[in-house]
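Below is one structure, written out as structure tokens; comments come after it.
Just so you know, all these numbers are worked out from the coordinates, no wet-lab data involved. Owing to the predicted nature of the structure, the values given are computational and were not obtained by experimental measurement. All Cβ positions, glycine included, derive from the backbone under ideal geometry; neighbour counts span all protein chains shown.
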Amino acid sequence: MKILQLIFFSENECAGSREKLMNKQHGFTLVELMITLVIAAIMVSIAIPSFNGMINRNQTMSTANDLLADIQLARSEAIKQDKLITLCPSSDASTCSGSWTDGWIVYRPEDNVVLAVRTKTSNNIVVTGAGAIAAGVSYYGTGRGDKNGSFSVKQGDIEYNVDINLSGRPRVIPPSH
């Protein structure tokens, strides 16, 4: 008889077990939820400055790469067309005027045809041309530039340089840190 009692529960025992399972609460307490939210807020507050730094680096690098692409465009169009092609700062997207931060154009001075336009960069990014290329750079049909020098693309403490060597080839130099 004891063996049968071990194998089969009485009806009263089953009903009690069922009630216990039905009355058990599932979910989180308010204290557990508050602790989870505090931990999440701390982790987000630690991550946000890192994201801002990453965003600034990417914006600065993107602007430097845009400048590099337009220098390469000017050089390749000069070779393709066998004509003088100029890259210069432009605030109005049609003439060489303003600063590099305002934007720049790639154009053919022979007939004033604008081949490419870059408008104002982000408010926090400053683009400057150093020395001889401050006013612009031109490429001859051979692909050789009329001057060499360096552009600085800077946002806060992040700075990329776009260098043009004597043969007219440009390259981006990333920050050293």
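Odds and ends about this structure:
- Of the residues ALA116, SER138, THR101, the one whose Cα sits farthest toward the positive end of the charge dipole of the stretch 61-173, with +1 on the Cβ of Lys and Arg and -1 on the Cβ of Asp and Glu, is SER138.
- Charge sum, other residues only, whose C-beta stays under 13 Å from VAL114's C-beta, Lys/Arg counted +1 and Asp/Glu -1: -3
- Rounded to the nearest 20, the size of the Cβ-charge dipole of the stretch 61-173 about its Cα centre is 240 debye, with Lys and Arg at +1 and Asp and Glu at -1.
- With contacts taken as Cα pairs under 8 Å at a separation of at least 6 residues, the stretch 61-173 carries a relative contact order of 25 percent.
- Other residues whose C-beta falls under 14 angstrom from the C-beta of TYR160 contribute a net charge of -1, scoring Lys and Arg +1 and Asp and Glu -1.
- For the stretch 41-85 versus the stretch 99-177, the gap between their alpha-carbon centres in whole angstrom: 12
- Lysine pairs meeting the criterion (Cα under 30 Å, 8 or more apart or interchain), as found in the chain: 7
- Nearest 10 degrees, 0 to 90: helix 11-23 Cα axis against the chain principal axis: 30
- With neighbour counts taken as other beta-carbon atoms within 10 Å, the residues GLU110, GLU77 rank, fewest first, as GLU110, GLU77.
- Cα long-axis angle, helix 30-81 against the chain (0 to 90 degrees, to the nearest 10): 20
- Cβ-defined net charge surrounding ASP92, 12 Å radius [Lys, Arg +1; Asp, Glu -1]: 0
- Legend: translational diffusion of the stretch 61-173 by Stokes-Einstein, Rh = Kirkwood radius over C-alpha pairs, 37 °C, 0.692 mPa s; D = 242 µm²/s.
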